[in-house]
Amino acid sequence: LTFVLGDSATGCYTASAPLCQWGKALCSWAASPPARELPSVLLSPTCHDAAVEEAADLALRQINADRTEGYILSLYRIFSVREHPQEITGSVFYLILDVVDTECHVLSKQLWKNCTVRPAHTTVYGQCKAIIYINQSRKIAHLNTYECNLQPVPPRYIWGVCPDCPVDDCPTEPRYLETAVKSLAKFNEESEQTHYFSVLNVTRGSMQWVIGPAHFVEFLIQETSCSKRDPVADISKCKPLSPELAKIGFCKGSVVNSDMEHKQSVTISCEIYSSQDPVTGEGKLQTNQRPEESSQNHQQAFSLHLGKTTGCVKILPPSTEDISFHKLRESQNEHEDIKSVSAKAIECTSTPPAPDGETTHVDEPGLTKPVTGPVILPFPAELSLSDSCPGEAKQTDSILHPLLTRQRAEV
């Protein structure tokens, strides 16, 4: 079973300043199994319960591992959890997680706990709804469905705390591509790679006045067929290597102009990901292990069952309104008429669900094969009844804190 990635076009819009307008994706729970009658009682464990914390960790690892675009999401807090114990042992958890993005690109396959959360003025925040089945005795942690709604922090929150901080601009603006090309030229000149790299696409761009105009970019690069043994005047003329052979990289660069000294300072740092790196990454197998832990430590490490999964990540337009984490879903519905403009900001993945109760086939070695699947219910409308939910924030921030929902509301 495989994932199918949804795409759309790319573009920008102009409000008081040029910003990127992120489009909507066709994301729904339609691919979930047929609705069944809800049990009389769904458990409401505490949001700080160890099993709940682990379920949230595993769900977020799987969400990040399955994505091919954007940045790794980090857990801000557990907003709500309902638990449905299964007759076949194990439990299905229905989670609502407050999340923020990090400085790690998803291609790095890093664990979210190992990634640095972005400064608040550049943060994209939101909520993910996830359904995950966990069976400790069979060492299974299977993400069934997820849906994430994200949005940049409203500019007025940034300007109120840090009026001089750069705010993310539209990365498709020509000036940011120019910045990426200039900074990549420095990398191509100084790196020990055997081939030249070219810009694949710019993922973030911002501008700030320092000693002159300064532009900052984050972008993906791809390995080309041009060898560094041969001088190349225009790298854009070099053809990319085939996807099976080409390395992909993620770079952060800047070009700072000094109006007084009439000089230009260029910086660049890149991470290169080999085409041979396994796409499963740390987030899929032995998901509860740190990289330094032995692969034979099975007491808490779950082999992840890679079965049917439906998922979607949507990034909404920047808003001038006060939109809390929990209200992002409503905000998305209000933007139904926004044209789709960013292929890199929207990801939908889906595979057709197998009938409940059938034997699940998994080809990966070492994975447990359950005899029957768990009972997956429609996502419950009622939030956790526990007074401990929402849980405590993993970090406090003067910009993000006001955006947290103060009272629980209906989904």
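The values are calculated or read from the model by the stated rules, or taken from the named source; none is laboratory data. Given the structure is predicted, the values throughout are model-derived calculations rather than measurements. Here the Cβ positions follow ideal geometry from the backbone for every residue, glycine too, while neighbour counts run over all protein chains shown. With ligands, DNA and RNA removed, areas are computed over all heavy atoms of the protein, side chains included. Shrake-Rupley method; radii C 1.70, N 1.55, O 1.52, S 1.80 Å.
Evaluated against (1) touching a residue at least 60 places away in the same chain (Cβ under 8 Å); (2) touching a Pro at 6+ places or on another chain (Cβ under 8 Å); (3) of a type in the set (Gly, Ala, Ser), Ala246 falls short on exactly one condition, (1).
Yes/no per residue for (1) without any contact (Cβ under 8 Å) to a residue 60 or more places away in the chain; (2) farther than 21 Å from Asp259 by Cβ:
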position	(1), (2)
Thr179	no, no
Lys182	no, no
Glu192	yes, yes
His195	yes, yes
Ser198	yes, yes
Ile211	yes, no
Phe216	yes, no
Thr224	yes, yes
Lys228	yes, yes
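Checked against (1) at pLDDT 95 or above; (2) open to solvent by 10 Å² or more (accessible area, probe 1.4 Å); (3) within 27 Å of Pro374 (Cβ to Cβ), Tyr94 meets all criteria but (2).
Of all positions in the stretch 16-36, none carries a residue that is modelled with pLDDT of 85 or more and either surrounded by fewer than 16 Cβ atoms within 10 Å (Cβ to Cβ) or among the hydroxyl-bearing types (Ser, Thr, Tyr) (or both).
The single condition among (1) within 13 Å of the chain's Cα centre (by Cα); (2) open to solvent by 10 Å² or more (accessible area, probe 1.4 Å); (3) within 26 Å of Thr396 (Cα to Cα) that Cys148 does not meet is (2).
Taking the listed residues Thr194, Thr179, Thr203, Thr172, the one that is open to solvent by less than 10 Å² (accessible area, probe 1.4 Å) and either of a type outside the set (Phe, Trp, Tyr) or at pLDDT below 90 (or both) is Thr179, with no other qualifying. The residue pairs whose first member lies in the stretch 100-119 and is free of Cβ contacts under 8 Å to residues at least 12 places away in the same chain and closer than 16 Å to Leu150 by Cβ, whose second member is assigned to a strand (DSSP E or B) and open to solvent by 20 Å² or more (accessible area, probe 1.4 Å), and whose beta carbons are closer than 9 Å, counting only pairs six or more residues apart or on different chains, do not exist in this structure. Do we find a residue being surrounded by fewer than 16 Cβ atoms within 10 Å (Cβ to Cβ), at pLDDT 95 or above and in a helix (DSSP H, G or I) anywhere in the stretch 61-73? Looking for residues that are surrounded by fewer than 16 Cβ atoms within 10 Å (Cβ to Cβ), at pLDDT 95 or above and in a helix (DSSP H, G or I), one finds none in the stretch 61-73, hence no. Cys47: under 11 Å from the mean Cα position of the chain (by Cα) and not charged (D, E, K, R), yes or no? No, not satisfied.
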